[in-house]
1. With a cut-off of 20 Å, note down the residues of the range 72-87 whose backbone N falls inside the zone around a label point 7 Å from the Cα of Glu58 toward its beta carbon.
2. Taking Cα pairs under 8 Å and at least six residues apart, what relative contact order does the range 3-94 come out at, in percent?
3. Using Cβ counts within 10 Å as a stand-in for footprinting exposure, how do Asp25, Asp72, Asp78 rank, fewest first?
4. For each of Glu63, Glu99, Glu58, Glu69, count neighbouring Cβ atoms within 10 Å of the residue's Cβ, then give the residues from fewest to most.
5. Between Lys15 and Met91, what is the label-to-label distance in nm when each label sits 7 Å out along the Cα-to-Cβ direction?
6. I want to make sure I understand the PRE zone here: with the label point 7 angstrom from the Cα of Asn42 toward its beta carbon, which residues in the range 54-88 have backbone N atoms less than 11 Å away?
7. Output wanted: per-residue J couplings in Hz (rounded whole) for the range 42-57, from phi through Karplus 6.51 cos²θ - 1.76 cosθ + 1.60, θ = phi - 60°, x for Gly and Pro.
8. If exposed chymotrypsin sites (Phe, Trp or Tyr not before Pro) are those in a DSSP loop with at most 11 other Cβ within 10 Å, what is the longest stretch of the chain that has none?
Amino acid sequence: MEQNELREKVLEAIKKVYDPEIPVDVYELGLIYEINVFPVNNVYVLMTLTSPACPSAEQIPDEIKTNIEAIDGVGKVDVEVTFDPPYETDMMSEAAKLELGFM
């Protein structure tokens, strides 16, 4: 599988994960800072949460990792959580802002 094709599948897998308190997927919320697919099909995701005290702090990264690991041909998956830079609502996509009434 080509890296671009795998990256698309990783993106699809990430978009199936929702913050339980918000009806928008984590990608549209702007929680995903970086997605890297390496030549041996290892995947690295750098993400944040809406707040360090997020009740889903364990669940969301685990769900993302599980979804990516389910893709055929994926090697090692690392999901790292950072709070630098801190999350702000303007990181949301326009679709998410519309859905949540920010526009």
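1. 78-83
2. Once normalised by length, the contact order is 32 percent.
3. With the fewest neighbours first, Asp25, Asp72, Asp78 line up as Asp72, Asp78, Asp25.
4. So the ranking, lowest neighbour count to highest, is Glu58, Glu69, Glu99, Glu63.
5. 2.0 nm
6. Taking a point 7 Å out along Cα→Cβ of Asn42, the residues of the range 54-88 whose backbone N falls under 11 Å are 75-78.
7. In residue order, the calculated couplings are 7, 10, 10, 10, 10, 9, 10, 10, 4, 7, x, 8, 3, x, 9, 3 Hz.
8. Numbers: sites that count: Phe83, Phe102.
The longest uninterrupted stretch comes out as 1-82.
Here, each number is a calculation from the coordinates, and none is a lab measurement. Model, not experiment: these values are computed from the prediction. Note: ideal-geometry Cβ built from the backbone for every residue, glycine included; neighbour counts use all protein chains shown.
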